[in-house]
Amino acid sequence: MNNNDFHTFSEYMKKEDNSLTASMEDYLEMIYRLSVNSGFTRIHELSDALNVQPPSATRMVQKLAELHFLKYEKYGVIMLEENGKVMGRSLLKRHNTIEALLRVLGVSEKAVLIETEKMEHTISDETIKCFEKYINFTENNPDIVTKYNAYKSSKT
């Protein structure tokens, strides 16, 4: 690695091929969570789940509808289109993978959600796959986790 390999955070983020903003991803993930069983959700459920005002949720839902991720009519239900379901499922899987890794590493429960939310919008699919492999490895080799926890405890 040479000095020409380094960039600012903004430059790294520009290189990502992602047309969705972090906020759009948060909304899609939550809409997926809320609608996975019933097939739909409503603005007030979404705004409550994300701790935002209903008008903010409405604006974002309208943007996502324009991008054909979902169907929404004013005062009606929000229903994901097929590509919205695929994206929502993928975003939730990414979230759950990061959360699982942080738990394996012993991050406090208080910090797991906050750290997951910070990380999930900045990490590549390739890295997520590595996380998944590591999590599977630790599940199949619990002695590794036991040794890690013992090591961690001895260093505090």
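The values are calculated or read from the model by the stated rules, or taken from the named source; none is laboratory data. Keep in mind the model is a prediction, meaning the values are calculated, not measured. So basically every Cβ, Gly included, is an ideal-geometry build from the backbone, and we count neighbours across all protein chains shown. The accessibility values were calculated without ligands, DNA or RNA, using every heavy atom of the protein model including side chains. Shrake-Rupley method; radii C 1.70, N 1.55, O 1.52, S 1.80 Å.
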Point to revise | Matching option when the condition is part of a loop (DSSP other than H, G, I, E, B) and at pLDDT 65 or above, among 37, 4 | key: 37
Practice item. Counting only residues that are farther than 19 Å from residue 95 by Cα and open to solvent by 60 Å² or more (accessible area, probe 1.4 Å), give me the helices (runs of 4 or more DSSP H) lying completely in the range 109-156 with at least 1 of them. Key: 125-140, 142-154
Check your understanding: Among the residues of the range 112-120, is any of a type in the set (Lys, Arg) and at pLDDT 95 or above?
Key -> no
Exercise for review: Kindly check whether there is at least one residue in the range 72-79 that is out of contact with any strand residue (DSSP E or B) (no Cβ under 7 Å at 6 or more places or on another chain) and among the aliphatic types (A, V, I, L, M).
Suggested key: no
Point to revise | Conditions (1) outside the structural domain of residue 34 (by the TED database); (2) of a type outside the set (A, V, I, L, M, F, W, C); (3) part of a loop (DSSP other than H, G, I, E, B); number of the one not met by residue 68 | key: (1)
Check your understanding: Restricting the search to the range 40-60, which residues are assigned to a helix (DSSP H, G or I), hydrophobic (A, V, I, L, M, F, W, C) and without any contact (Cβ under 8 Å) to a residue 24 or more places away in the chain?
Key -> 49
Review point. Taking residue 84, is it in contact with a strand residue (DSSP E or B) (Cβ under 9 Å, 6 or more places away or on another chain), over 23 Å from residue 114 (Cα atoms) and of a type outside the set (A, V, I, L, M, F, W, C)?
Key: yes
Exercise for review: Report whether or not residue 59 is within 30 Å of residue 44 (Cα to Cα), at pLDDT 95 or above and surrounded by 17 or more Cβ atoms within 10 Å (Cβ to Cβ).
Suggested key: no
Review point. Has the range 91-106 got at least one residue that is β-branched (Val, Ile, Thr) and open to solvent by 50 Å² or more (accessible area, probe 1.4 Å)?
Key: no
Revision key, fill the gap. Exactly one of 87, 60, 119 is under 13 Å from the mean Cα position of the chain (by Cα) and farther than 30 Å from residue 152 by Cα, and that residue is 87
Check your understanding: Taking residue 45, is it over 22 Å from residue 119 (Cα atoms) and either crowded, with 16+ Cβ neighbours inside 10 Å or modelled with pLDDT under 95 (or both)?
Key -> yes
Study note, to complete from the structure: Over the range 69-82, the set of residues at pLDDT 95 or above and open to solvent by 70 Å² or more (accessible area, probe 1.4 Å) is 71, 79, 82
